[in-house]
Amino acid sequence: MKSKKRILIIDDVSQEAPIRSLKSKMRKEFELVCEEIITKRPELRKEDSNHLDFEKLKDKINEAFEKCKWFDLILTDFDLNEPGNVDGLEVVDYIKSRKKNVKIIMYSGDFSKAVRRVIRSENGLLLEQQIVDAVKKLIDYQIVNYVDRSSYVDEAISFFKKSKEFSIRDEFLKLLYAHHDMVFNSCFPDFAGKKFGEIAEVIDNGSDARSDEWMLAMIRQTIAYLAKVNA
């Protein structure tokens, strides 16, 4: 049975054709589940204008995470055709505030717009420190890659092929999200009474340093169990 990979795509227009291409090219590797948020949809418009309502978009992103619990990769367009309103970097900011370690690829037909968005200059001249600060800010987004719009499918394929390495943390998260309603009442008192899904959220957004201690406790408990049954 093939494993599943889940991706979320955020764009102002439908990405149906690239999604079909991605699924076709990866069908031998795994089953690909795609969620798509199209920002031009009427339900995401502001009530008093035809502009994107960022709060409604946030709600839509939250709904996607609530439905799927886990995304192996998020693909987002930078240019959502909302000049001066909402762009892909603001989308990344919001997603990273909820899921600190989520993997994101951003694509654009013109990345000079993204650079200008970070590097702000009144007269077109830049001081050295402004450039350093802008580069640091782009790095701090921890985006997997910035790619041309025409190549994001190939970049997504490359990402999945490079990320075949087994990750204990990711497997913990997937299992916790899969059983999100179960309640933890075991060997780590600090998390006693929390649902598995709540623990997954803590690990996912890095909001509590005790999450690493919890994972270590679970590994130790597993080893102790294996030692007992194999005695």
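The values are calculated or read from the model by the stated rules, or taken from the named source; none is laboratory data. Nothing here was measured: the structure is a model prediction, and the numbers come from that model. Cβ placement follows ideal geometry from the backbone for every residue including glycine, while neighbour counts extend to all protein chains displayed.
Results, tabulated for the structure shown:
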| item | result |
| --- | --- |
| Check on residue 29, surrounded by 15 or more Cβ atoms within 10 Å (Cβ to Cβ) and either touching a residue at least 24 places away in the same chain (Cβ under 8 Å) or part of a loop (DSSP other than H, G, I, E, B) (or both) | no |
| Out of 61, 143, 74, 105, sole residue that is in a helix (DSSP H, G or I), at pLDDT 80 or above, in the same structural domain as residue 9 (by TED's automatic domain parsing) and not basic (Lys, Arg) | 61 |
| Count of residues meeting criterion [touching a Lys or Arg at 6+ places or on another chain (Cβ under 8 Å), closer than 15 Å to residue 152 by Cβ and either in a loop (DSSP other than H, G, I, E, B) or among the polar types (S, T, N, Q) (or both)] in region 77-100 | 2 |
| Some residue of region 184-201 being surrounded by fewer than 13 Cβ atoms within 10 Å (Cβ to Cβ), modelled with pLDDT under 80 and not in a loop (DSSP other than H, G, I, E, B) | no |
| Candidates 158, 150, 211 - the one that is surrounded by 13 or more Cβ atoms within 10 Å (Cβ to Cβ) and under 26 Å from residue 25 (Cβ atoms) | 158 |
| Residue 4 being within 28 Å of residue 201 (Cβ to Cβ) and surrounded by 12 or more Cβ atoms within 10 Å (Cβ to Cβ) | yes |
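So that you can scan it fast, the table gives a plain yes or no per residue for (1) of a type outside the set (Ser, Thr, Tyr); (2) in a loop (DSSP other than H, G, I, E, B); (3) in the same structural domain as residue 101 (by TED's automatic domain parsing); (4) in contact with a Pro (Cβ under 8 Å, 6 or more places away or on another chain):
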{"residue": "173", "(1), (2), (3), (4)": "yes, no, no, no"}
{"residue": "208", "(1), (2), (3), (4)": "yes, yes, no, no"}
{"residue": "211", "(1), (2), (3), (4)": "no, no, no, no"}
{"residue": "215", "(1), (2), (3), (4)": "yes, no, no, no"}
{"residue": "219", "(1), (2), (3), (4)": "yes, no, no, no"}
{"residue": "224", "(1), (2), (3), (4)": "yes, no, no, no"}
